1. Given the conditions (1) open to solvent by 50 Å² or more (accessible area, probe 1.4 Å); (2) in contact with a helix residue (DSSP H, G or I) (Cβ under 7 Å, 6 or more places away or on another chain), which single one is not true for ARG109?
2. Only residues that are farther than 18 Å from GLU89 by Cβ, of a type outside the set (Ser, Thr, Tyr) and open to solvent by 60 Å² or more (accessible area, probe 1.4 Å): list them for the range 54-71, please.
3. I want to confirm something. Restricting to the range 33-53 and keeping residues that are open to solvent by 50 Å² or more (accessible area, probe 1.4 Å) and assigned to a loop (DSSP other than H, G, I, E, B), which single residue is nearest to ALA98 (Cα to Cα)?
4. Quick check, is THR117 farther than 16 Å from SER25 by Cα and exposed (fewer than 15 other Cβ atoms within 10 Å of the Cβ)?
5. If you take the residues of the range 63-90 that are farther than 21 Å from GLU44 by Cα, assigned to a loop (DSSP other than H, G, I, E, B) and in contact (Cβ under 8 Å) with a residue 60 or more places away in the chain, which of them is nearest to the chain's Cα centre (by Cα)?
6. Tell me yes or no: at least one residue of the range 76-96 is of a type outside the set (Ser, Thr, Tyr) and more than 19 Å from GLY8 (Cα to Cα).
7. Name the single residue that is nearest to VAL79 (Cα to Cα) among those in the range 90-111 being out of contact with any Phe, Trp or Tyr (no Cβ under 6 Å at 6 or more places or on another chain) and of a type in the set (D, E, K, R).
8. Need pairs with beta-carbon distance below 7 Å; first residue more than 22 Å from PRO88 (Cβ to Cβ) and open to solvent by 30 Å² or more (accessible area, probe 1.4 Å) and within the range 1-19, second at pLDDT 95 or above and part of a loop (DSSP other than H, G, I, E, B); sequence gap 6+ or separate chains.
Amino acid sequence: QVQLVESGGGLVQAGGSLRLSCAASGRTFSSYAMGWFRQAPGKEREFVAAISWGGGRTYYADSVKGRFTISRDNAKNTVYLQMNSLSPEDTAVYYCAAKQTVLVVTTSRYDYWGQGTQVTVSS
């Protein structure tokens, strides 16, 4: 069982930056692929970024490529999402997710999900 807790969300002006963190419980964090998803009001949850268990492989949605960076620190059981050049279209609740696999998972087929953290970008 893995518990995920996101933090770092908030209100930021367009063009600004935020760094989200997702802290995971458990001693086998390094065996989990991790992902970030987001859900805007009235829209379906969408994939944002994913990282492999060792951090060597990453994948991004086209909408965030070049602006967002996913990373992880297995010693701290934490995955991060650095978000730069934010726009109002990035406003959403951001969720992290975990799946015990060697693959990079870009679909919603994760086994564990956090409660989410709100990111609001003002124009």
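The values are calculated or read from the model by the stated rules, or taken from the named source; none is laboratory data. Not measured: the values here are computed from a predicted model. When we count neighbours, we look across all protein chains shown, and the Cβ atoms used for this are built from the backbone with ideal geometry, even at glycine. Only protein heavy atoms, including side chains, enter the accessible area calculation; ligands, DNA and RNA are left aside. Shrake-Rupley method; radii C 1.70, N 1.55, O 1.52, S 1.80 Å.
1. (2)
2. GLY56, ARG57
3. It comes out as TRP53.
4. On the way: farther than 16 Å from SER25 by Cα: yes; exposed (fewer than 15 other Cβ atoms within 10 Å of the Cβ): no.
Against the criterion (farther than 16 Å from SER25 by Cα and exposed (fewer than 15 other Cβ atoms within 10 Å of the Cβ)), THR117 does not qualify.
5. Our first condition is that a residue be farther than 21 Å from GLU44 by Cα; within the range 63-90, this holds for 66-67, 69-80, 82, 84-85.
From what's left, assigned to a loop (DSSP other than H, G, I, E, B): 66-67, 74-77, 84-85.
Within this subset, residues satisfying the condition of being in contact (Cβ under 8 Å) with a residue 60 or more places away in the chain are 84-85.
Values: ASN84: 14, SER85: 16 Å.
That would be ASN84.
6. Filtering the range 76-96 down to residues of a type outside the set (Ser, Thr, Tyr) leaves 76-77, 79, 81-84, 86, 88-90, 92-93, 96.
From the residues that got through so far, the ones that are more than 19 Å from GLY8 (Cα to Cα) too are none.
Within the range 76-96 (the criterion being of a type outside the set (Ser, Thr, Tyr) and more than 19 Å from GLY8 (Cα to Cα)), the answer is no, since none of the residues qualifies.
7. So, considering only residues that are out of contact with any Phe, Trp or Tyr (no Cβ under 6 Å at 6 or more places or on another chain) and of a type in the set (D, E, K, R), the one nearest to VAL79 (Cα to Cα) is ASP111.
8. VAL5/GLY114
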